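None of the figures in this text is laboratory data; all of them are computed from the coordinates on show. From a predicted model like this one, the values you see are computed outputs, not experimental measurements. With ideal geometry, Cβ positions are generated from the backbone for all residues, glycine too; neighbour counts draw on all protein chains shown.
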Amino acid sequence: MLLIAQPLESEEMRVQEHIKLSTLAATMALPWLGKDVLIPLTSSVLIDVDHYMWHAVTFRTPSLRAAVKYFGQADPPQRKEARLLHHPLVLGILLLIALRTRSRFLMLILAGLIFH
């Protein structure tokens, strides 16, 4: 089974590739995390909601279909503004909150986001 469908020089992954790799990682972590494996799995895929939010605001449409079409084109524009949840500052703040509160839940979310 081929997990990465794009050439190595490509910086972007498609949603299907995120899901495949995240599912593989979740399967490997299952013995240690049990049912909690769904938390990092979900967060590693849903981190891309920032792309949808950017599209909805920029193009003034809540259409998920339009966003999927926009980002699914052969070479979609790569904008920093569309990657808010990917920013190291956001991840760092989440890490600080997770450590301060000693929250396993937040740490599992962060693990999924970092894996992404």
Tail beyond 16 Å, pair distance distribution of the stretch 26-116 (Cα, percent)
60
Testing the spin-label approximation: label points 7 Å from Cα along Cα→Cβ at LEU91 and THR42. State their distance in nm.
2.1
With R₀ set to 35 angstrom, the calculated FRET efficiency between the beta-carbons of SER63 and ARG102, to the nearest 0.05, is 0.30
